[in-house]
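Scroll down for the structure; my scribbles are underneath it.
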Amino acid sequence: MTEIANEKKASRLVVWLLAIVVGLVIFYLLDHAVMGMQGLPLNWDLTPAQ
Amino acid sequence: MNVLAKTLGFSVALVVAFGAVAYVLPQMEGPAPEQHVVNLDELTMESFVAMGEDLYSGKGTCSLCHNALGRAPDMLEFNVTEISLQRIADPNYEGSAGNTEEYLRESMLQPSAYVVAGFGTKGSNDTESPMPVVDKAPLGLSILEIDAIIAFLQDKDGEPVSVPLPVATATVAPVAEVTASAAPQGPEELIVKFGCAACHAVLDSQAALGPDLNDIATRLSAAEIRESIANPAAVIGDGFIVIMPEFPAMTVGELEMIVAFLTVADETL
Amino acid sequence: MMAFITPRRIRRARQSAGFLATVPTLIAFVVLACGGLATQVSAAEGDDAVTGVSADEHDVARTTAASLSPAPTPQREDYPSIGVSSRGIVWVIAQMHLFFGALVLAVPIFVLVIEIIGFRTGDDRYDDMAHEFMKVSLTAYAITALFGGTLALALFLLYPHLMSYLMTAFGSQVLVYAGLFFLESMLLYIYYYGWNALRYGNRKWLHLTLGLLLNGVGTTLLVVANSWTTFMMAPSGVDPETGAIVGNIWEVMKGPLWNPLNLHRVIANVAFGGAIVGAYAAFKFLSAKTPEEKAHYDWMGYSSNFISILAFLPLPFAGYWLMAEIYAYSQQMGILAMGGILAWLFVIQAVLICTILLAGNYYLWTGMARSEGADRYRWAIKYIATVLILGFLVWVTPHNVIYTTAEAVKLGGGNHPVLGPLGIMPAKNIAVFLMLICTFLSFQLYRRADKVITVSWQYWGNALMASIYIFAIVNIIFAGVYYGYFTNTVYKVGSSVIQVMSTVVVIVAGVVIDSLMFRGAKTLHVSWGRVAERSQYALFALPIAFTWLMALMGYVRSSVRTHWHVYTVMPDKSADNFIPTLQTVGNMVTLVTLLFLAFLLFIFWIANLSGTRQLPVAEDARSQHAGAVT
């Protein structure tokens, strides 16, 4: 029983980690796209390039 | 009825509460700019500079953007004379000013001639300035007012004021002092440009192929004069024939200037 | 050939006729809209519409003699006066016209949508509710026209020079506007009075088409009238030196502020209209006698609030676009509005919008009592409420207040070191977008409250949703703080678009993920009518705040012209050409809101009255209570 519970816990952790990564990527790309479209490019660390 | 009383009471109370918010905030009135005549005989450099300072935060609305919030350089915080000379010396500077006074005047009349880094319109990469041209609407500053502001900006840092005090006999200097791309011409130049004197008696001409323009204001209204130029064949004066050409290249501004000149022509002679 | 045309085929064709009537109409609308958009874009790309036609480009030969006249310049003594402030009169009448105009344009929009939902689901409740909403709108229509006519008379009487100039500018377009009202009235009356006659099948399609046409004409009326407003703020098609009209009617209409105002007003109208009918539903709920009535009006109130909040969410973006275009047209005008003398009005705006958000949220929270599945989410309410209150406090904080010299010395400058930075746009943007996200969260939780999700991938879906919320919030705060305080102005202004898009991502993701997750979900019982009475007061607070806000923002829009009738072209030399104090503004807005309340009561009463029927008076004592029966 504990093995299944642990497995469930591990897979849930994976799900959360993946969700966090996806969330980060979405908004990181959003920042670049939105500022780029306005003629305000950013560096990779999101600082202004101009 | 009870429901109506409760809901109505709640509604009215809420409306009044919102109205009360307006009472606790600072009260300011914004008067429209009034025109007053400056008595040039009594003008001293001190009062001229003071006038410039008034204009800076008043009619000129300079302080609306030139302040610490970052929209435009905060000129009250640095030495304008020194910084102007620095800007002129900047390799990116492509304007035609050679000293502080010229630089300030150029900045006001042609703001996009040189834009300080970081203050340009979004997306223009500092080639376009969001600053309005000060002698056009809605600001409409006169030469006198522009000079007063320049005098103020020079004086506030203790620097010498290079702007001469305006004298009573000086005619209104045309904007053409600063090289603008389309130097506006006066009505006399326009009459020469469009060749009116070839057929009409106006200015120095005595031509009689068309009606005498020197006293045209006594015979025609401004609207009729305007129509006669825009559409010469519409109304022909007694005893004249249709030979007046049309002027497809004449702009509306030029037309207006000529009409205004002709309606007071008999007074200027 | 004749064998092809069977009776069955004829019957099928007739059944489809209604559908076939609607589709071309829809296509025609889309084509017209695209055409309108295309000409707007092409006109905007040329110099003409955006910067005003320069005298060099439009010469004398192309224009008529009359329109070459420069803009009139009346002096103070030229203005007619009837003894009271002309501006005050026009202010009240114009604002009343705008209130009612907004209402009668908005209601058919969401009525059509509700009618379509009723048609698709076959649920009569939607159709009946749509019909009931239209009843309210019909009475308001006459009042709109009355105020419109009075406004026109007042304007011609009190500002004849301005009106003659505007008539020169717009020419026969004003006759088109008047003519459209014939069409609007015809469509409105057939749409409302023909509701039950055109109830099912083919006829229903016809009815829907009429509703679509009604909305098309109504929207056209709105954009035509908007062109007069935006022309006064940012004139196009005129010679900038003299004000002479040198452009054609399209150049005059399509100024830089026209479409931003169009979009803002269409969306805001829907939010406003939804709030008004919500108040109607709330009033009927509180006066309801039977549980069925209570359930009906509770549901109506919820639907109205849904429409209102749904339309309210994109409103800040539309308003932002309008403000951005004002800044682009004239930075001076923009700064006057938000950084100059009019800036204090936006503190009042903060109070009003926070009232709207709190009322909308509160209604959703109390509404969760209708379903027992809501207990799962109650824990979130206090956090959402905290964010809303904190957001309100930040938004309402001004950048500076008028200090005495002693206070300024103590502060060490013009601004408070801690609270001062909260007074500028980046802080306000963080506040408002977090508040919008929280409102959407309330809404999402409410929608989940009466369902048990059964899809297999729900853990993934919920984790993704949570992650999107968290990182949207982080992104909004990061963009606001970093670009707002640590980079230059252009990046600061550009970062607000990041915040907008982050909010949009949350809303779109929420709607998409939820609609996928609700497939096959188990629905719990929703007890319509089982909700606290105090929740209905939220439905009163909503339209009151909306109305006050609309009047306030209308004043800002009008006042930003300062001492110009038509900005930069025709100066205002009347006795009222100054910007009044905040107290005056507050008084006027309160006055028009109370007036509107009074008229609204009248409209609700009429809507109610039309459904009552008196019993015949009998001789015997038993039927002495021959009163109104609903």
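The values are calculated or read from the model by the stated rules, or taken from the named source; none is laboratory data. Source: prediction; values computed, not measured. Here the Cβ is made from the backbone with ideal geometry for all residues, glycine too, and neighbour counts use every protein chain on show.
The condition (being crowded, with 17+ Cβ neighbours inside 10 Å and either out of contact with any Lys or Arg (no Cβ under 6 Å at 6 or more places or on another chain) or free of Cβ contacts under 8 Å to residues at least 12 places away in the same chain (or both)) is satisfied by just one residue among C:Asp375, C:Asp450: C:Asp450.
Does segment A:3-19 contain any residue that is at the interface with chain C (Cβ under 7 Å from one of its Cβ atoms), within 14 Å of the chain's Cα centre (by Cα), farther than 18 Å from C:Trp457 by Cβ and assigned to a helix (DSSP H, G or I)? No: segment A:3-19 contains no residue that is at the interface with chain C (Cβ under 7 Å from one of its Cβ atoms), within 14 Å of the chain's Cα centre (by Cα), farther than 18 Å from C:Trp457 by Cβ and assigned to a helix (DSSP H, G or I).
Scanning segment B:213-253 for residues that are of a type in the set (S, T, N, Q) and either modelled with pLDDT of 80 or more or exposed (fewer than 13 other Cβ atoms within 10 Å of the Cβ) (or both) yields B:Asn214, B:Thr218, B:Ser221, B:Ser228. If the condition is being part of a helix (DSSP H, G or I), small (Gly, Ala, Ser) and farther than 28 Å from C:His563 by Cβ, then segment B:98-120 contributes only B:Ala113. Only one entry in C:Leu112, C:Leu103, C:Leu68, C:Leu138 is within 14 Å of chain B (Cβ to nearest Cβ) and buried (at least 16 other Cβ atoms within 10 Å of the Cβ), namely C:Leu68.
Sub-6 Å Cβ pairs linking a first residue in segment C:603-626 that is at pLDDT below 60 to a second residue that is of a type outside the set (Gly, Ala, Ser), at least 6 apart or interchain, are C:Ala626/C:Leu615; C:Ala626/C:Val617, ordered by first then second residue. When each of C:Ser495, C:Ser467 is tested for being at the interface with chain A (Cβ under 10 Å from one of its Cβ atoms) and closer than 13 Å to C:Phe433 by Cα, the lone residue that passes is C:Ser495. Looking only at residues in segment C:228-250 that are over 21 Å from C:Ile326 (Cα atoms) and away from chain B (no Cβ under 12 Å), the one that is surrounded by the most Cβ atoms within 10 Å (Cβ to Cβ) is C:Ile249. Scanning segment B:218-236 for residues that are in a loop (DSSP other than H, G, I, E, B) and more than 9 Å from chain C (Cβ to nearest Cβ) returns B:Arg219, B:Leu220, B:Ser221, B:Pro232, B:Ala233, B:Val235, B:Ile236. The test for being closer than 23 Å to B:Ser63 by Cα, surrounded by 13 or more Cβ atoms within 10 Å (Cβ to Cβ) and more than 14 Å from chain A (Cβ to nearest Cβ) holds for B:Ala113. Under the condition of being in contact with a Phe, Trp or Tyr (Cβ under 7 Å, 6 or more places away or on another chain) and either loosely packed, with under 13 Cβ neighbours inside 10 Å or of a type in the set (Phe, Trp, Tyr) (or both), the residues counted in segment C:189-205 number 1.
Does B:Leu76 satisfy being within 19 Å of B:Pro164 (Cα to Cα) and either among the β-branched types (Val, Ile, Thr) or touching a residue at least 12 places away in the same chain (Cβ under 8 Å) (or both)? Steps first, please.
Numbers: within 19 Å of B:Pro164 (Cα to Cα): no; either among the β-branched types (Val, Ile, Thr) or touching a residue at least 12 places away in the same chain (Cβ under 8 Å) (or both): yes.
The answer is no for B:Leu76.
For B:Pro26, the conditions (1) touching a Ser or Thr at 6+ places or on another chain (Cβ under 9 Å); (2) within 10 Å of another protein chain (Cβ to nearest Cβ) all hold with the exception of (1). Of all residues in segment B:60-79, none are small (Gly, Ala, Ser), assigned to a helix (DSSP H, G or I), away from chain C (no Cβ under 11 Å) and surrounded by 15 or more Cβ atoms within 10 Å (Cβ to Cβ). Of all residues in segment B:121-148, exactly one satisfies the criterion of being more than 11 Å from chain C (Cβ to nearest Cβ), assigned to a loop (DSSP other than H, G, I, E, B) and of a type in the set (Val, Ile, Thr), namely B:Thr127.
Here is a list: B:Phe18, B:Phe48. Which entry is without any contact (Cβ under 8 Å) to a residue 12 or more places away in the chain, touching a helix residue (DSSP H, G or I) at 6+ places or on another chain (Cβ under 7 Å) and part of a helix (DSSP H, G or I)? Full working, then the answer.
Values: B:Phe48 fails: without any contact (Cβ under 8 Å) to a residue 12 or more places away in the chain.
Unique residue meeting the criteria: B:Phe18.
Within segment B:248-269, residues that are small (Gly, Ala, Ser) and part of a helix (DSSP H, G or I) have Cβ atoms under 9 Å from residues that are buried (at least 21 other Cβ atoms within 10 Å of the Cβ) and at pLDDT below 70 in these pairs: B:Gly253/C:Ala55, counting only partners at least 6 apart in sequence or on another chain. If you go through segment C:550-600 and keep only what is among the aliphatic types (A, V, I, L, M) and farther than 21 Å from B:Pro26 by Cβ, you end up with C:Met550, C:Val566, C:Val569, C:Met570, C:Ala575, C:Leu591, C:Val592, C:Leu594, C:Leu595, C:Leu597, C:Ala598, C:Leu600.
Scan segment B:33-45 for residues that are touching a Leu at 6+ places or on another chain (Cβ under 8 Å) and either surrounded by 14 or more Cβ atoms within 10 Å (Cβ to Cβ) or in a helix (DSSP H, G or I) (or both) and the total you get is 3. Among the residues of segment C:275-286, are any under 30 Å from C:His399 (Cα atoms) and under 18 Å from the mean Cα position of the chain (by Cα)? Looking for residues that are under 30 Å from C:His399 (Cα atoms) and under 18 Å from the mean Cα position of the chain (by Cα), one finds none in segment C:275-286, hence no.
One line per residue, one yes/no per condition, for (1) of a type outside the set (Asp, Glu); (2) modelled with pLDDT of 90 or more; (3) within 21 Å of C:Pro421 (Cβ to Cβ):
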position	(1), (2), (3)
C:Ile335	yes, no, yes
C:Leu342	yes, no, no
C:Leu357	yes, yes, no
C:Ala369	yes, no, no
C:Glu372	no, no, no
C:Val396	yes, no, yes
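Figure legend. Inter-residue proximity from segment C:536-548: first residues at pLDDT 95 or above, second residues surrounded by 24 or more Cβ atoms within 10 Å (Cβ to Cβ) and not in a helix (DSSP H, G or I), beta-carbon distance below 9 Å, spacing 6+ or different chains. No pairs are indicated. Note on segment A:20-40: among residues that are over 20 Å from the mean Cα position of the chain (by Cα) and not polar (S, T, N, Q), the one that is farthest from the other protein chains (Cβ to nearest Cβ) is A:Met37.
Six or more apart or on different chains, Cβ under 7 Å: which pairs go from a residue in segment C:218-231 that's more than 14 Å from C:Met167 (Cβ to Cβ) and free of Cβ contacts under 8 Å to residues at least 60 places away in the same chain to one that's aromatic (Phe, Trp, Tyr) and surrounded by 19 or more Cβ atoms within 10 Å (Cβ to Cβ)? Could you list them? What qualifies is C:Asn226/C:Trp258; C:Thr230/C:Trp258.
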